[in-house]
Amino acid sequence: MGSFSEVLQSAGKPLVRGDLRCLQVNVGYRCNLQCSHCHVEAGPKRSESMSRPVMEDVLAFAEKSAVAEIDITGGAPELWPLLPEFLERSRRLASLQRLLVRTNLAILAEEGFAEFPRLFAQSRVELVASMPCYLEENVDAQRGRGTHCRNIGVLQALNQVGYGTGEYKLHLVYNPGGNFLPGPQAELEADYKQHLREAYGIGFDSLFTIANMPIGRFRRHLAKQGLLAGYLELLETSSNLQNLEQVMCRTTLSVNWQGRVFDCDFNQMLNLAGGLGPSFIGDISPQALKGRPIAVGDHCFACLAGAGSSCQGSLAASGD
């Protein structure tokens with residue numbers, strides 16, 4: 001099929017940045033978990049954390065660019081000491097329509113984090129909660145023994161403060177447990193909702209299905225098992241060029257804990273700056289972003305494969 005760049009060239013569909021809608025902020029790689037699929041390679045031994053000067057640059061850029069969404073990720077964002085202040089100040093931005101935090105859920109069961117659900121509610125945060133399966137054995141296999149039990153308790157606590165019950169938005173995230181693509185998002189969402197409601201009385205708003213990127217820890221895991229070549233071939237042969245119109249890199253800017261900017265969180269982890277160059281968020285103009293070429297690599301096939309994949313779930317086009 002050729003490289004991703006060759007596919008774009010032969011299709012006559014250049015990938016360039018459009019109007020900026022979402023600023024995705026990776027506040028650091030420290031995490032209470034060490035998941036087998038994590039492209040960020042986050043874990044308890046990581047110490048990277050966004051400083052106050054970088055946070056100030058991020059907030060200044062968000063204001064002057066009038067972003068509609070801020071999407072906070074990690075690591076576990078809750079381990080970033082400046083998170084409460086960042087949420088409160090982000091919510092003051094006149095342009096902001098959505099404020100999202102990506103949580104692994106299990107962190108909220110640890111000592112010292114019990115008040116975070118109410119903190120999130122105060123800032124009207126939409127929670128994007130990683131729940132790789134609704135079955136205990138599958139969750140614990142990917143995230144460690146006891147994770148499923150902690151997640152269920154946290155989801156119940158979130159429901160009690162209004163998340164997933166109509167007052168505040170709660171989205172769950174499904175990642176495949178191996179070298180295969182997610183199933184249809186609507187069908188999986190229905191299964192999740194039925195099981196979690198009947199087994200635990202838990203409600204949530206929507207399910208995001210996200211394909212595993214063949215980078216970082218997941219790539220090494222596949223290579224060790226001799227599955228990497230097959231997975232890369234699956235991504236290439238399952239790609240749907242219709243999904244190019246909806247890929248998140250057109251409208252999202254990713255910034256890392258140091259303030260460096262990238263076209264997406266995946267390029268960030270590959271240190272693939274491309275058309276953005278080695279730029280820092282405090283030095284760039286929002287107006288200069290539109291029309292810049294997007295840095296691509298063969299990992300980008302994962303965003304086009306099947307029904308498509310983004311940090312907010314499958315894309316509009318089907319994978320037929």
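Looking at the stretch 163-202, the GluC sites (Glu not before Pro) that sit in a DSSP loop and have at most 13 other Cβ atoms within 10 Å of their own Cβ are E167.
Its residues counted as N, the chain yields a C-alpha radius of gyration over 2.2 N^0.38 Å of 0.95.
Normalised by residue number, the volume inside the convex hull of the Cα atoms of the stretch 42-183 is 137 Å³ per residue. A Cβ-based charge dipole, computed about the Cα centre of the stretch 1-124 with Lys and Arg at +1 and Asp and Glu at -1, lands at about 260 debye. Applying both filters, DSSP loop and at most 16 other Cβ atoms within 10 Å, to the trypsin sites (Lys or Arg not before Pro) of the stretch 44-97 gives K45, R92. The trypsin sites (Lys or Arg not before Pro) found in the stretch 126-213 that occupy coil by DSSP, while having at most 16 further C-beta atoms within 10 Å, are R145. Taking only protein heavy atoms and a 1.4 Å probe, the accessible area of the stretch 1-128 is 47% carbon and sulfur. Across the stretch 204-300, counting alpha-carbon atoms alone, Rg and Dmax equal 15.4, 45 Å. Under 24 Å of direct C-alpha separation, and excluding same-chain neighbours fewer than eight residues apart, K64 reaches these lysines: K290.
Accessible surface computed residue by residue for the stretch 36-176, with neighbouring protein chains in place and a 1.4 Å probe, gives 41 Å² per residue. Heavy atoms of the protein chains alone define the surface here; on that basis the stretch 203-320 has 40 Å² accessible area per residue at 1.4 Å probe size. Excluding same-chain neighbours fewer than eight residues apart, the lysines reachable from K224 by a Cα-Cα span under 24 Å are K45.
The values are calculated or read from the model by the stated rules, or taken from the named source; none is laboratory data. This is a predicted model, so every value here is computed, not measured. Ideal geometry is used to build each Cβ from the backbone, glycine not excepted, and the neighbour counts take in all protein chains shown. Accessible surface areas use protein heavy atoms only, side chains included; no ligands, DNA or RNA. Shrake-Rupley method; radii C 1.70, N 1.55, O 1.52, S 1.80 Å.
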